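Data block below; observations after.
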Amino acid sequence: MELCFQGIAIATLSNCLIEWPRNDSTYSILDDNDAQVLEYIEMSIAHSKLVDSGTDEELKAFVKNEERKFLYMIESEEWTIIDSAGNEFGILAPIFHPNNYVVWMER
């Protein structure tokens with residue numbers, strides 16, 4: 001499976017656990033990704049770490065100062081998954097976690 005943004009594959013997905021509405025996968029970033037996509041992934045991982053171990057104040061500050069820079073990506077309807085049969089379906093913005101773990105949900 002492939003994770004795409006704006007019609008461009010950004011990662012391959014494996015070890016997928018499909019359980020509606022939440023789907024979990026491991027991912028491998030593809031070469032030649034747009035710098036903003038890579039920055040979004042890094043921001044998402046940092047956000048995930050704060051959710052797990054930060055304070056409410058740290059999380060609020062992060063959302064205000066960092067996450068808001070990526071609102072166009074977070075709110076975008078241009079995230080898609082392409083399955084092994086070539087079917088494409090829309091998803092909400094994926095949430096990236098440490099250790100190449102990603103969570104995504106269908107729109």
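Of all residues in region 19-63, those being in contact with a strand residue (DSSP E or B) (Cβ under 7 Å, 6 or more places away or on another chain) and within 16 Å of W79 (Cα to Cα) number 12.
Selection of region 12-25 for residues being touching a residue at least 60 places away in the same chain (Cβ under 8 Å) and exposed (fewer than 15 other Cβ atoms within 10 Å of the Cβ) yields W20, P21, R22. Among the residues of region 80-104, those identified as of a type in the set (A, V, I, L, M, F, W, C) and surrounded by 14 or more Cβ atoms within 10 Å (Cβ to Cβ) are I81, I82, I91, L92, A93, I95, F96, V102, V103, W104.
Can you spot a residue in region 49-60 that is over 22 Å from G90 (Cα atoms), in contact (Cβ under 8 Å) with a residue 24 or more places away in the chain and surrounded by 11 or more Cβ atoms within 10 Å (Cβ to Cβ)? So that I can check it myself, show each step before the final result.
Keep residues of region 49-60 that are over 22 Å from G90 (Cα atoms), which gives 49-60.
Within this subset, residues satisfying the condition of being in contact (Cβ under 8 Å) with a residue 24 or more places away in the chain are 49.
This time we only want the ones that are surrounded by 11 or more Cβ atoms within 10 Å (Cβ to Cβ), so: 49.
There is at least one residue in region 49-60 that is over 22 Å from G90 (Cα atoms), in contact (Cβ under 8 Å) with a residue 24 or more places away in the chain and surrounded by 11 or more Cβ atoms within 10 Å (Cβ to Cβ).
All of (1) at pLDDT 95 or above; (2) surrounded by 15 or more Cβ atoms within 10 Å (Cβ to Cβ) hold for E77 with one exception: (2).
The values are calculated or read from the model by the stated rules, or taken from the named source; none is laboratory data. Quick caveat: nothing in here was measured; it's all calculated off a predicted structure. So basically every Cβ, Gly included, is an ideal-geometry build from the backbone, and we count neighbours across all protein chains shown.
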